[in-house]
Every structure is written in structure tokens, then in C-alpha cells.
Amino acid sequence: LSYGNDVTDMDTPFEVGLDRYVQRFDSIGGEALRDHVSTRRLMAVEMEGPVPASDRRWPILEGGTRIGVVTSAAWSMEFACGVAIGMVDRRWEAGCEVSVQTQDGPKRAVLRDDFWR
């Protein structure tokens, strides 16, 4: 993960998959962390190619509804697809077919539970 790109001060450890490292009640802000309910999470996003250089956050749409943003993306020669990281509403799950709105136009994509390695 890239701080400032994939993760910012606006994200919580629960949204970026770092919850196992949080001692929820024995820390400064522990009460706020205990009461936090996460509505989004980082997910892997597999995109069709070609994938342009990601120079901004790209909206992720499902059926015309914005469900998140791609925070970074690149073409993978090894996996023969676009590999991306997205912050996605928790109501959508892996396997959901979506559209990523890049500066070069929409790209078909699929949400994934796991990253590539």
C-alpha cells in the first residue's frame, strides 16, 4: 500500500486490512476505534486492458451507481490484466462485475478478495 495514494489520514485500519494490528481498547482513541463501524474496504480490482497510467482516483461503478474508487492501477504482464487497488463500499463483494471510469474511458473490471501475490 502506498501512503497518500492507497491509504490516507481519512482511512481507518479497519478499512485497509490492518485491523489485526489494532489494540482497540488500550490505545489513544481506543474508545473511538471500538465504536467505529467501517462502511468501506480496500479490495483488489482486476481490470481489462490496456490500463492507462493512473493519474487520479478513478470512480468504480456498478449498474450506474458509484461504489468506490480505484486508488492505483497498472498493467501486469505476468497476470495479463490490469491490477488495481480500490476503496469499495462494503455492500459489494468479490466477483461483482463493475466498470472503472479511467481518463481513457470505461474499463470492465471484477472485484477480488485477494491480491495477486
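Remarks
- The requirement of being outside any loop (DSSP other than H, G, I, E, B) and of a type in the set (Lys, Arg) is fulfilled somewhere in segment 35-47, by at least one residue.
- Segment 73-95, residues that are touching a Leu at 6+ places or on another chain (Cβ under 9 Å) and surrounded by fewer than 17 Cβ atoms within 10 Å (Cβ to Cβ): 93, 94, 95
- Selected residue (only one of 46, 93 is touching a Cys at 6+ places or on another chain (Cβ under 6 Å) and modelled with pLDDT of 85 or more): 46
- Scanning segment 63-94 for residues that are in contact with a Lys or Arg (Cβ under 8 Å, 6 or more places away or on another chain), outside any strand (DSSP E or B) and of a type outside the set (A, V, I, L, M, F, W, C) yields one hit, 90.
Yes or no, residue by residue, for (1) closer than 21 Å to residue 109 by Cβ; (2) surrounded by 14 or more Cβ atoms within 10 Å (Cβ to Cβ):
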residue: 31; (1), (2): no, no
residue: 37; (1), (2): no, no
residue: 50; (1), (2): yes, no
residue: 55; (1), (2): yes, no
residue: 71; (1), (2): yes, yes
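- Test result for residue 112, under 11 Å from the mean Cα position of the chain (by Cα) and either farther than 15 Å from residue 40 by Cβ or surrounded by 15 or more Cβ atoms within 10 Å (Cβ to Cβ) (or both): yes
- Scanning segment 71-109 for residues that are of a type in the set (Asp, Glu) and over 14 Å from the mean Cα position of the chain (by Cα), we see that the one that is nearest to residue 49 (Cα to Cα) is 104.
- Single unsatisfied condition, residue 39 versus (1) in contact with a strand residue (DSSP E or B) (Cβ under 7 Å, 6 or more places away or on another chain); (2) without any contact (Cβ under 8 Å) to a residue 40 or more places away in the chain: (2)
- Selection from segment 14-23 of residues that are open to solvent by 40 Å² or more (accessible area, probe 1.4 Å) and assigned to a loop (DSSP other than H, G, I, E, B): 18, 23
- Test for residue 99: is it in contact with a strand residue (DSSP E or B) (Cβ under 8 Å, 6 or more places away or on another chain), among the polar types (S, T, N, Q) and outside any loop (DSSP other than H, G, I, E, B): yes
- Just one residue in the set 112, 24, 20 is at pLDDT 95 or above and of a type outside the set (Gly, Ala, Ser); that residue is 112.
The values are calculated or read from the model by the stated rules, or taken from the named source; none is laboratory data. Bear in mind that the values here come from a model prediction, so they are computed numbers and not experimental data. Positions of Cβ are generated from backbone atoms using ideal geometry, with glycine treated the same way; all protein chains shown enter the neighbour counts. Ligands, DNA and RNA are excluded from the accessible area calculation, which covers all protein heavy atoms including side chains. Shrake-Rupley method; radii C 1.70, N 1.55, O 1.52, S 1.80 Å.
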